[in-house]
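Down below is the structure, laid out as structure tokens.
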Amino acid sequence: MTTTRTTPASTTTATATSTTTGTTAQTTTSGAARGPSRVSARFRILLWLVVVMTVALATVVLTTRSILQRDMNERIGQILTQETAEFDNFVTHGRDPDTGERFTEARQLLTVYLQRQFPEPTEELLGFIQEDPRPTVIRQPREIPSPLPLHRDRPSLEAIAADDRRSGTLRRESGEVRWAKVPIAARAGEPASMFVVALHADRAQSSTDNVVGVLLAISGVALLMTCAVSWAVAGSILAPVRLVRSTAAQLTEQDLTRRIPIRGRDDISALAETFNAMLDRLERAFAVQRRFVDDAGHELRTPITIVRGHLELMSQGEGPSSVQERRETVRLVTDELDRMSRIVEDLLLLAKTERPDFVHPEPVQLAELTADVFVKARALGDRRWELPEVAEREVSLDPQRITQAMVQLAQNAVQHTGPGQTVRIGSRLSGGQVRLYVADSGSGVPAEDADVIFERFRRGTAGRRGARSGGGSGAGLGLSIVKAIAEGHHGRVELRPTLGGGATFELVLEAT
């Protein structure tokens, strides 16, 4: 008997799938970890300030260095020109102190002149006589702060003597030397000689470099101070922005009560005010949503239970009597469904009251609107309808919403009066306000109910048929809708007793 050994394909496939899934998850995690990192606004502000300050300070340092360099070059040129001019003047007008006559020898001329001069620390005044076999250098007995003074650098002196120019620049390993010379006219048989003025530019340049170094040090300290101050100031300015971010991160659907404290009157404060206003709108929107869900669940639970119960009884009916029972059940179920439909419509209308487009104001003639409402209300019931007064004025309001509110008040009056009782509808102007009212001669509103009948699903506490309820649907929403329409027009609804008995409801609106 031969036995065939088979590898379970499903196991292999599962293993491969698991491996692939793990790899994918690892790749996704790594990709998330490699996501673009965020750079804070505070750091960006600091970076820009540092860049701007660095450019500004570098510009100041470079400009100062350029100005100092130019001034140094001009001063060196002035010194060379002044020294050569003074020597020329001494050659022309100078007298030998020993003889009282003009100088006849170049050596004596150079010696006497150099003894009378007081050069600057970086300046050398030399006499150069080209004698054989070795040239003679006449100098002042003082040390020059230079690695290699010119009087010790015979090749450089010979190069200056051989140069055809009266001034120039000599670049040596020990530093740059700016020079000028004045040749001395030699008599027959005398060696050539000259007066040399040399300025060690590297020493003068070191002073400029010292000033630039001090500026760089000051700029560095200023840059560090700017960084510290900018970091602190940017943090202080952006603190409300960080608070906005943290507040937004902490907001949830269940908690929209957090607000940002407002300090000052700058752009950041305006941002905080705008954010708080947005939170107010969100909180109202979520409150309306929750109230709608709660109200619908609360009010629709009873009719749904009634419908379910009757349908279950109908499904159990047998015999001839079951036909009549089914008809009665269908009537009750239909009535409950109609009531549920009215409740849903009223709830949807109340939910729309928070929207900015709930009312659409337009110019309306108040007398014409009042008359239209009166005509429509007369069809609601056999009552003694009266139109005692109308206001003659054009106002801005939503005629459809006002008509809806007034008809609702009229329907409410019909429900709480009997045939033949009086219901009055009218409008008037009072103190810059428009007042549209519905007054009935019914039983009135108990004092304990006056504060609650405008709330949703709140009915009067009297409990009898004639007691006031919240609206025509019997769900306690009618007066809530009236109140919402009045508030949508930035007005209010008021309740007061009617003279002789009953209740008067007034819509109080601004006469604009």
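The values are calculated or read from the model by the stated rules, or taken from the named source; none is laboratory data. No experiment lies behind these values; they were computed from the predicted model shown. No Cβ is skipped: glycine too gets one built from the backbone with ideal geometry, and neighbour counts run over all protein chains shown. Ligands, DNA and RNA are stripped out before the accessible areas are found, and what is left, the full protein with its side chains, is counted by its heavy atoms. Shrake-Rupley method; radii C 1.70, N 1.55, O 1.52, S 1.80 Å.
Using a Förster radius of 25 Å, what is the FRET efficiency between V344 and Q324 based on their Cβ-Cβ separation? Nearest 0.05, please.
0.25
Below 8 Å, C-alpha to C-alpha, sequence gap of six or more: please give me the relative contact order for region 378-458 in percent.
Once divided by the residue count of region 378-458, the mean separation gives 32 percent.
If you average over every viewing direction, what projected area does the convex hull of the Cα atoms of region 183-230 give, in nm²?
Seen from a random direction, the Cα hull of region 183-230 projects 4.3 nm² on average.
Can you give me the relative contact order of region 51-204 as a percent, contacts being Cα pairs under 8 Å and 6 or more apart?
23 percent
With each pseudo-label sitting 7 Å past Cα toward Cβ, what's the E120-T63 distance in nm, one decimal?
In this crude label model, E120 to T63 measures out at 2.5 nm.
List the lysines whose Cα lies under 28 Å from the Cα of K352, skipping any in the same chain that are fewer than 8 positions away.
K376, K483
What is the calculated FRET efficiency for R265 to S207, with r their C-beta to C-beta distance and R₀ = 41 Å, to the nearest 0.05?
0.20
Please report, to two decimal places, log10 I(q)/I(0) for region 51-163 at q = 0.17 Å⁻¹ as given by the Debye formula with identical point scatterers on the Cα atoms and no solvent.
Debye intensities relative to I(0), on a log10 scale: -0.97.
So how far apart, in nm, are the two label points at S396 and A217 if each is 7 Å from Cα heading toward Cβ?
Modelled inter-label distance: 7.2 nm.
Using per-residue counts of other Cβ atoms within 10 Å, averaged over each peptide, order 434-442, 50-58 from highest down.
Output ranking for 434-442, 50-58: 434-442, 50-58.
Determine the gain in length on full extension of the stretch A379-E143; use 0.36 nm per residue of separation and subtract their C-alpha separation, reporting nm with one decimal.
Extending this stretch completely gives an extra 72.4 nm.
With N set to the number of residues, divide the alpha-carbon radius of gyration of region 238-290 by 2.2 N^0.38 Å and report two decimals.
Relative to the 2.2 N^0.38 Å estimate, region 238-290 comes out at 1.16.
If you add up the charges near L429, with Lys and Arg at +1 and Asp and Glu at -1, over every other residue whose beta carbon is less than 13 angstrom from its beta carbon, what do you get?
-2
Can you send over the solvent-accessible area of I129, 1.4 Å probe, protein chains only, in Å² to the nearest 10?
The accessible area of I129 comes to roughly 10 Å².
Once amide H atoms are placed 1.01 Å from N in the peptide plane, what residues at a sequence separation of 5 or more from E389, or on another chain, have their amide H within under 5 Å of its amide H?
S427
What distance in nm lies between label points placed 7 Å from Cα along the C-beta direction at T403 and T136?
It works out to 13.1 nm between the two label points.
Please work out how much accessible surface V212 shows to a 1.4 Å probe, ignoring ligands, DNA and RNA, in Å² rounded to 10.
20 Å²
Once the convex hull of the alpha carbons of region 336-377 is built, what does its volume come to per residue, in cubic angstrom?
84 Å³
Could you tell me which residue out of V364, L397, T353 lies farthest along the dipole of region 329-402 toward its positive end? Charges go on the beta carbon: Lys and Arg +1, Asp and Glu -1, centred on the Cα centre.
In region 329-402, that residue is T353.
Whole-Hz Karplus ³J(HN,Hα) for region 127-144, in order, using 6.51 cos²θ - 1.76 cosθ + 1.60 and θ = phi - 60°, x for Gly and Pro?
Karplus values, whole Hz, x for Gly and Pro: x, 10, 10, 8, 9, 9, x, 9, x, 9, 10, 9, 9, 7, x, 8, 8, 9.
Suppose the chain between V50 and D71 were pulled fully straight at 0.36 nm per residue; how much longer would it get relative to their current alpha carbon spacing?
4.5 nm
For R187 and L224, what does the FRET efficiency come to when R0 = 45 Å and r is the distance between their Cβ atoms, rounded to the nearest 0.05?
The pair R187/L224 has a calculated efficiency of 0.05.
How would you order 497-504, 67-74 from highest to lowest mean count of nearby Cβ atoms within 10 Å?
Put in order of decreasing packing, that is 497-504, 67-74.
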